[in-house]
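Below is one structure, written out as C-alpha cells; the observations come after it.
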Amino acid sequence: MKDEERMLEWMSYVDPALVEGAARPRRRLPRAARAGLAAACLCLAMTGSVWAMDTLLGVRLGETESSFGYSAYDIQAEVERFDLSQFSGDLQADLAAGELRWAHDSWQSALDYVGVPLLYSALLDEAAMGAGMNAPYVVDGTLTADQERLPGEEAGRPEQIRLAFSRVVDNVVVAVYIHLYTQYADPEELAAGVPGRAWIGPYKVYREGPDGSRTQVGQSSVEMEFASRGYEMACGETATIVTAREANGQESYQGCFVHDGVLYEVNAIGLASKANVVPDFLKLTERLLDSFAPPEEGEDALSSLTSAENLI
C-alpha cells in the first residue's frame, strides 16, 4: 500500500481539504530553475536579518505558492543523508524484500526498527490517537523528496525513511513527520526545499441546521500569506514556525526543526471535535516543540508533560 494511501486512511477524520493537500505532491519548478531559486534564497538569507543569519544552518521558509485554488510552501533545511547501513538490520532486510514493517504499537518498537536515535516526545507518546488510526506509529520509505512514487522504481532504494504519527492534544489533531533522508536523496532536490503543507480549494462552507442537516452558504479560497519566525525549543534546538494566514485572518502553524541531521515536522491540523473553547494553536505548536527531548530526558519529564488536563 502506498504511503499516501496509508496517511489518507489513518487520517480520514481530518478535514478532507487538508488531507488532500497533505497527500498531494508539491508543484515543482524545473531542476535548473529550482537550483537558481535556492541560490537566490541563500543570497537573500545572507543579506537579510539577523534571524536569517541565525537560521542559515537550521530550517527556513523556501518557495511559496498562493492562489485562489492552491496554496503551498517548501521548507529548506540542512539535513544529513544517511547510508542505508545506518538503519537497523531488520529495516534493511525488509527493504531488500521490498516491504517495510510499517505499523508499530509503541515508540520503542518504531525506534528500534529505524535504528537511528531520535528525539522523543512523552506528551505525544502518551496522548490519545484520533479516530480512524490504524497504528500508533507508521514507518515508511518514499522514493523522492517530492514524495511521489513512479512505476518501476526500485523499492529497496528509498530517498527517505519516514516515521509518522498522529495524536489528539487539547482537542486538536496533531500530525508529526520525522524524515531521515538516505544516500539516494538528490542533494539539489533537498536544497530546493521539501514540501510543507498544501491547501487545495476552493472549499465549500456549510451551515448546520437544528436537525443536523447542512446547507451550503458559500465557498472560501485557500489563498494564503506565508511567514516564518524562529523559536528556541526547551531542548536547545532552534525551530522555525511557519504561519499560513488566510484572507479572513485565520492562521495555522507548522513547527520544523533539525536535530542530528533529521528533519522533524509538527502540524496542529485542526479540532478533533466540537469544543467550547478553541485553543491557541500557536501556543500549542510551541508546547509541542518543547516536548521533544532525548529519550532519557523525555521519560523523566513524563509526569510533568502528560497531566490529565492536557490529554484527550
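Computed from the coordinates by the stated procedures, all read-outs in this text should not be read as laboratory data. Since this is a predicted model, take the numbers as computed values, not measurements. We place every Cβ from the backbone using ideal geometry, glycine too, and count neighbours over all the protein chains shown.
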Query raised in the report: When you count, for each residue, the other Cβ atoms within 10 Å and take the mean per peptide, how do 108-117, 282-291 rank with the highest first?
Result: 282-291, 108-117
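Within 10 Å, count the other beta carbons around each residue, average over each peptide in 201-210, 233-242, and list them highest first.
233-242, 201-210
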Report summary line: Sorted by chain and number, the residues with a modelled amide H under 5 Å from that of VAL172, at a separation of 5 or more or across chains, are ALA272
Query raised in the report: At each listed q (0.12, 0.18, 0.22 Å⁻¹), what is the log10 of I(q)/I(0) that the Debye formula gives for the stretch 162-269 modelled as equal alpha-carbon point scatterers?
Result: -0.58, -1.08, -1.36
Query raised in the report: Peptides 224-232, 162-170: what's the order by average Cβ count within 10 Å, highest mean first?
Result: 162-170, 224-232
Query - Under 5 Å, built H, 5+ apart or other chain: amide partners of GLN160 - result: THR142, THR182
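Just add up the charged neighbours of TYR253: K/R +1, D/E -1, any other residue whose Cβ is under 12 Å from the Cβ of TYR253. The partial results should precede the final answer.
Values: positive: ARG197, ARG229, ARG245, LYS283, ARG287; negative: GLU251, GLU265, ASP280, GLU286.
Result for the neighbourhood of TYR253: +1.
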Report summary line: Here the stretch 279-287 yields Karplus 3J(HN,Hα) values (6.51, -1.76, 1.60; θ = phi - 60°; whole Hz; Gly and Pro given as x) of x, 7, 5, 5, 5, 5, 4, 5, 5
Requested in this report: Work out the FRET efficiency for ASN171 and ALA96 from their Cβ-Cβ distance, taking R0 = 41 Å, and round it to the nearest 0.05.
Outcome: 0.45
